[in-house]
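Trainee: After the structure tokens below, expect a handful of questions from me.
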Amino acid sequence: MTIAQRRGRRIMMTPAEVDAFLAEQRTCRVATVSADGRPHVSALWFAWDGTSLWLYSITRSRRWTELRRDPRLAVVVDAGEEYGELRGVELSGTAVFVGEAPRTGEPCPELEVPERLFARKNFGLDEMPHDGRHAWLRLTPDAIASWDFRKLGAL
């Protein structure tokens, strides 16, 4: 995992804090690039395996179409209500499409871990249910920035 962050070193999370935060959170915001260059942001559930963020996207979505054309993306996962509680992680890089699209459950060793993590985290199941409408994107980030404003009180 690469952590590249110039500002806010006092409030950035350690790699272990990033892992724990991403493992516990459920929803992220995914930013893609539209054909005309404008950003498009949408919410999505995800799984984190300690190295990559796994996104389970509807294949007929605007997000999927935009990533097929231009696989660059940024993802933000954040939490907190009050200013002093805010914390989050921004990951950016290139999306990689993994497995069949749409996903029907064909054997794919690369998806065994993310599907187990995703099913447990989001559905309380040991096996991933497949609806024939979603497919997997993997983001192994080129850059990660994080913040935890709770650390401001400790300084």
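The values are calculated or read from the model by the stated rules, or taken from the named source; none is laboratory data. Note that the structure is predicted; figures quoted are calculated from it, not measured. Neighbour counts run over all protein chains shown; Cβ positions are idealised from the backbone, glycine included. These accessible areas exclude ligands, DNA and RNA; they are computed on the full protein's heavy atoms, side chains included. Shrake-Rupley method; radii C 1.70, N 1.55, O 1.52, S 1.80 Å.
Trainee: So, counting K/R as plus one and D/E as minus one, what does the shell of residues with Cβ under 14 Å around PRO71 add up to?
Mentor: +2
Trainee: What FRET efficiency comes out for LYS151 versus THR65 if R0 is 35 angstrom and r is the Cβ-Cβ distance? Round to the nearest 0.05.
Mentor: That pair, LYS151 with THR65, gives E of 0.35.
Trainee: Further question: What's the magnitude of the charge dipole for the chain around its Cα centre, counting Lys and Arg as +1 and Asp and Glu as -1 at the beta-carbon? Answer in Debye, nearest 20.
Mentor: 580 debye
Trainee: Further question on the same structure: For ASP36 and CYS108, FRET efficiency with R0 = 30 Å and r from the beta-carbon atoms, rounded to 0.05?
Mentor: The calculated FRET efficiency here is 0.30.
Trainee: Sticking with this structure for a sec: Solvent-accessible area per residue for segment 1-132 at a 1.4 Å probe radius, Å²? Kindly include the intermediate steps, with their values, before the conclusion.
Mentor: Details: 7420 Å² over 132 residues.
Spelled out: the 1.4 Å probe surface of segment 1-132, per residue, equals 56 Å².
Trainee: Sticking with this structure for a sec: Among VAL89, LEU125, SER52, whose Cα projects farthest towards the positive end of the dipole of the chain, with charges put on the beta-carbon of Lys, Arg (+1) and Asp, Glu (-1)?
Mentor: Of VAL89, LEU125, SER52, it is VAL89.
Trainee: Peptides 85-96, 29-40, 58-69: what's the order by average Cβ count within 10 Å, highest mean first?
Mentor: Packing proxy ranking, top to bottom: 85-96, 58-69, 29-40.
Trainee: With each label point set 7 Å from Cα along the Cα-Cβ vector, what nm distance links ALA43 and ARG26?
Mentor: With each label point 7 Å from Cα toward Cβ, the separation is 1.1 nm.
Trainee: Using the Kirkwood radius built from alpha carbon pairs, what does the Stokes-Einstein equation give as D for segment 4-155 at 25 °C and 0.890 mPa s, in µm² per second?
Mentor: D, rounded to a whole number, is 152 µm²/s.
Trainee: Sticking with this one: Within the chain, what whole-number % of the accessible surface is contributed by carbon and sulfur, with the 1.4 Å probe and all protein chains included in the calculation?
Mentor: 51 percent
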